[in-house]
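Below: the structure, in structure tokens.
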Amino acid sequence: MNEQMNVPAAPEPSGFAGWFTTWITAVTKPSEQTYAAMAERPEAQTINQSFLWVFLAGTFVAIVSGVLSAILQMAGFTPQIPAFSELAGSAPRSPLLSLVISVCASPISGAFSVLFFAIYVGVIQWVAKMFKGTGTFSQLAYVTAAISVPFSVVTSPLSPFFTLGAVGYCASGILLLLTLYSIYLQLLAVKAVNKFGWGEAAGAYFLPLLLFVCICVCVSVAFGAAIASMLGQGFAP
């Protein structure tokens, strides 16, 4: 286990320019020292900053996806990722109406982004505590948000293009590479914030993911068995 690093706190620049600087630093200059310093900032001692970032990013992503989906729909393409209005159960015929609904509902997407982000970070930090991690939920949330928000903003324009032939393959390839890089950065963040080794970081990061996958598989199997049973009873004489 690594010894605790005494890294002086680095004050965050003020305003949106400061946010942008923090995001760029998080994704272009990754290191344990960088993330440990971020975790010691005053802004990292509460959840306000990280939750605000995630909310704004989720709202922005919903708006961008709605705009691009409407443009593709008007151009005669059918986006693979449905707009928020279709997800909500409405299927407006007009791309403009679909766009308006998506934009108006975008804060709901932002709120759900915060909810899932809080659960995601909370479970990881809970497992990290089991491995004797020294970080806190707010510290990990701050560093993780500084990593995930710019990735969300950059990748949001890619999703509506996944069905457009060669363009879709290129978009999927770019998304895969960015996702792998993001996973590495988040692993490094878990390691730096909690001041332990790579093994503990991997366990804290991947065990919740493995558990989530197992739960999804079990629920899917149980749901499929229930449907099969209902269908079998329906066709029984």
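The values are calculated or read from the model by the stated rules, or taken from the named source; none is laboratory data. Everything numeric in this text was worked out from a predicted model, so none of it was measured. With ligands, DNA and RNA removed, areas are computed over all heavy atoms of the protein, side chains included. Shrake-Rupley method; radii C 1.70, N 1.55, O 1.52, S 1.80 Å.
For the reader, a short list of remarks on this structure follows.
- Residue order for 223, 151 - accessible surface, 1.4 angstrom probe, largest first: 223, 151
- Relative frequency of Cα-Cα separations exceeding 12 Å in the stretch 100-139, percent: 64
- Cross-link reach is defined here as a Cα-Cα straight distance under 21 Å, omitting same-chain residues fewer than 8 places apart; for residue 29 the lysines meeting it are 191, 195.
- Sorting 220, 106 on solvent-accessible area from highest to lowest, probe radius 1.4 Å, gives 220, 106.
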